[in-house]
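Each remark here refers to the structure printed beneath this line.
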Amino acid sequence: MAKKYYWMKLKEDFFDDDAIEWLEDQPKGKEYALFYLKLCLKSLKTNGILIRQVGTMLVPYDTKKLSEVTKTEFDTVVVAMELLKRIGLVEILECGEICIPRMEEMIGSETDKAAIMRRIREQKKMIESNNVTGTLPGSYQCKNSNNVTGTLPGSYQNVTQILENRDKEKEKDINIIVEPSDDSSSKRWKEYRLGDFEYQCVEMLIQSCMSVFPGSKVPKTESEKEKWAIEIERMKRLDGRSEADIIEALTYATTDVFWKSNIRSTKKFREKFETLIIQSREKKNGQRVNSFNGFPQRDYDMGKLESQLLMAEGWKEKEK
C-alpha cells in the first residue's frame, strides 16, 4: 500500500478570523487556540471527524482522553470545548463524534510516489538550468551533444536516472487500479491509487461485520481488502462522494441496528449510500426512521383514527 503523508494548511489570515480572534481574547485564549489546532491535526486522516475505534466499538472521546492525547490540562480542555462548540469551530454529532467543520479546506496530502516524482522534476529543472558542459575537462565532454551524462564516470551519472530507477522499484509496492479509457477504440489506460482513507473504511466495515457475526465472510488478505477498497475509491472518483459524507454514512451503517446487519460489503454500502446518508441526517434532525422499511414514521392521533373508523361503520349500517 502506498504510504500517504498529510499536512494542515493555514491561510495567512488564520489568526485574523473573527472566531479565532474572539477565542484568543478570552482568559487563557492562547491555550484554547493551541488546543483547537491540536484537534485539527488529530483529525487530519479522517477529514475532520474524531472518534476512537476500540475493538469492534466506536467510542467517543471524553474530556479526560482529549486531555491525554493533546497533552492539555483537563480544566483547559473542559472550558475550551464549550467555547469551541459555542462559536461553531467544533460540533458534536449524534453518536458522539467530534466534527471540525473547517478541516476540509485545511487538509493537504501527498503519497510517497508523488513526493518522489516531485523531487525528480526539481532535479531535472536544476540540471537543465545549470549548463556545466563548458566548464568540464575535455575528457568529460560529449562529442555529438551537450548532454554530459553519457561520458561522465559513475560518480557523475544523472541523479534523475537513479531516482527514476528507484521509483520503478517502489511502484511494485503501490496499489494501482487500472481501468480502460472511456474511448473504447483507444489503447490508453488510466491509473488510480488507493490511499489510507479507503483502507480505513474497509477496516471499519470489517469490524462491524465481525461484531454482528464473528464467523462473517470478510476480507482477510491484502488482495481481498483491495477489492473492497476499490469500491470506496470509485465512490469518490465516479460517484462524486466526499470523504466526509462517506464517513457519515458508514458510521450510521455500522451503528444502526438494522443496517449493520445488512451492509456486509463495500459494494452493498456503495449501492445503499444515498439511503444511508438521508436516514442519518433525518435521525440527526429528530425525525423518527422506521428501521425495517426505511421510511419516516408519522405520529398518528389514535383518538382521531378511532372516530373516523366509527363514522365509516355508521355509513355502512345506513347503506344496509
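The values are calculated or read from the model by the stated rules, or taken from the named source; none is laboratory data. Small disclaimer: the values here were computed from a predicted structure and weren't measured. Ideal geometry is used to build each Cβ from the backbone, glycine not excepted, and the neighbour counts take in all protein chains shown. Areas reflect the complete protein model, heavy atoms only, side chains present, ligands, DNA and RNA absent. Shrake-Rupley method; radii C 1.70, N 1.55, O 1.52, S 1.80 Å.
Checking the a/c ratio against 1.5 first, then a/b against b/c, what shape does the Cα gyration tensor give for the stretch 242-289?
Numbers: a/c = 1.99, a/b = 1.29, b/c = 1.54.
Taking the square roots of the gyration eigenvalues as a ≥ b ≥ c, the stretch 242-289 is oblate.
Given axes a ≥ b ≥ c from the Cα gyration tensor, I'd like to know whether the stretch 1-71 is rounded (a/c under 1.5), prolate (a/b larger than b/c) or oblate.
Values: a/c = 2.91, a/b = 1.42, b/c = 2.05.
Because a/c hits 1.5 or more and a/b fails to exceed b/c, the stretch 1-71 counts as oblate.
Using a 1.4 Å probe over the heavy atoms of the protein chains, calculate the carbon and sulfur portion of the accessible area of the stretch 17-88 as a whole percent.
Values: 2100 of 3940 Å².
Accessible surface attributable to carbon and sulfur in the stretch 17-88 totals 53 percent.
Counting other Cβ atoms within 10 Å, keep those with at most 10, restrict to DSSP loop, and tell me which trypsin sites (Lys or Arg not before Pro) in the stretch 194-280 are left. Display every interim value, and only then the final one.
Working: sites: 217, 220, 225, 227, 234, 236, 237, 241, 260, 264, 267, 268, 270, 272; in loops: 217, 220, 241, 264, 272.
For trypsin sites (Lys or Arg not before Pro) across the stretch 194-280 that sit outside H, G, I, E and B with at most 10 neighbouring Cβ atoms in 10 Å, the list reads 217, 220.
Can you order the peptides 35-44, 244-253, 54-63 by their average number of other Cβ atoms within 10 Å per residue, highest first? Please list the in-between numbers first.
Working: 35-44: 18.8, 244-253: 21.7, 54-63: 13.1.
Descending mean neighbour count gives 244-253, 35-44, 54-63.
Each label point is 7 Å from the Cα along the Cα-to-Cβ direction; what then is the distance between the points at residue 261 and residue 28, in nm?
4.7
Within the stretch 70-107, which residues have the backbone N less than 18 Å from the label spot 7 Å out from residue 9 along Cα→beta-carbon, could you tell me?
Those under the cut-off are 101-107.
May I ask which of 38/65; 64/85; 225/260; 45/283; 11/236; 42/268 have a Cα-Cα span longer than 24 Å here?
Values: 38/65 13 Å; 64/85 17 Å; 225/260 19 Å; 45/283 26 Å; 11/236 26 Å; 42/268 30 Å.
As for pairs spanning more than 24 Å Cα to Cα, those are 45/283; 11/236; 42/268.
Could you put 25, 196, 13, 239 in order of accessible surface area, largest first, with the 1.4 Å probe and the full protein assembly present?
Working: 25 125, 196 30, 13 80, 239 55 Å².
From most exposed to least exposed: 25, 13, 239, 196.
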